[in-house]
1. If packing is taken as the average number of other Cβ atoms within 10 Å across a peptide's residues, how do 256-264, 161-169 rank, most packed first?
2. Calculate the spin-label point distance for residue 26 paired with residue 58, positioning each point 7 Å from the Cα along the beta-carbon direction, and give it in nanometres.
3. Could you work out the percent of alpha carbon pairs in the chain separated by over 29 Å, rounded to a whole number?
4. Take 128, 226 and order them by how many other Cβ atoms sit within 10 Å, fewest up front.
5. Helix 202-215 versus the longest principal axis of the chain: what angle, 0 to 90°, nearest 10, using Cα atoms?
6. When DSSP beta bridges are limited to those with both residues in segment 129-308, what percentage is antiparallel, rounded to the nearest 5?
7. Hey, fewest Cβ within 10 Å first, where do 135, 1, 278 land in order?
8. Dividing the alpha-carbon radius of gyration of segment 221-312 by 2.2 N^0.38 Å (N being the number of residues), what value is obtained?
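Quick note: the coordinates plus some simple rules give every number you see, no bench work behind them. Everything numeric in this text was worked out from a predicted model, so none of it was measured. Positions of Cβ are backbone-derived with ideal geometry, glycine not excepted, and every protein chain shown enters the neighbour counts.
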Ligand SMILES: NC(=O)c1ccc[n+]([C@@H]2O[C@H](COP(=O)([O-])OP(=O)(O)OC[C@H]3O[C@@H](n4cnc5c(N)ncnc54)[C@H](OP(=O)(O)O)[C@@H]3O)[C@@H](O)[C@H]2O)c1
């Protein structure tokens, strides 16, 4: 069944990646509308060789649409997504607006596709760093049980959208950026996401809360430190996993290699391991540096890398959309609790 659909935030980094992923995966599109802010009026983008206008977002423009993929920030999603879903247009939302609402499934299809069946019109795509982490943790949790997880991220500045990339390029060219997403600078240095009064960034809190929700382990001991880098291509993370049962590394390698969407690339003798530039444009999560962690009774450490705009955002959203059009009954848009 071909679908009448829209991309909200089509001119953004994620929105433009959505256009590529929909084409590559031959998503059954009957009609595609592209929405962004009024700033982008007059622009055109290409889809399957067709030049499509970018329209300013207004709820009225959704008339007759059945599916919408949103990547225009949490404020817009919070204000309009439920209204649009109630009118019969499914919403797959990349922002953080709905990720903790009890009636909004938070889904990584390889991990918890079943959660989709409970949707009432909105499905949330998790945070980009969370997606790659749960892709690693889900099979480990099933096999050995998770006692504790520690994660330190090394995130591409592209995670801050076009503004982040523009700040990096401006600093490299020694000019003044139009917008500042990293107040202390990003070229040749590191930055944290904005910190709250208790010293945490929202990104760190998202990883902790979303991982617990997706894995259905609400009391999982997990902590995170998130760092932005002047890199492009993907997010990396060092992960320390403590398990209930001892982990045999050969079995871990085999288990991870068999997971759909995971690629083990771990050849220390050849100095071969995943890194952001290598994974750019790939849909899989790459795992390397698998080592026993002798500082705990049972556990291991590793390094995971994925393209934050693809599996971390657009690809995951399109996978959700594919499940919605093929196997999940249409939303009844019952009121949210
Ligand atoms: N970048 C990532 O790695 C990543 C990963 C996962 C999730 N996300 C989430 O995805 C969303 C978009 O991220 P991005 O990196 O693509 O950001 P971006 O490059 O800054 O793009 C933002 C998009 O939203 C549109 N937009 C902003 N305000 C709008 C409004 N009031 N009405 C309509 N459209 C509006 C922009 O339109 P204009 O061009 O007209 O301004 C643009 O198309 C964010 O919620 C982000 O947290 C991002």
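1. Those peptides, ordered most packed to least, come out 161-169, 256-264.
2. Placing both labels 7 Å along Cα→Cβ, they lie 3.8 nm apart.
3. The answer is 39 percent, as a whole percent.
4. Ascending number of Cβ neighbours within 10 Å: 226, 128.
5. It works out to around 80 degrees.
6. Counting only bridges with both partners in segment 129-308, antiparallel ones make up about 70 percent.
7. 1, 278, 135
8. This ratio for segment 221-312 stands at 1.11.
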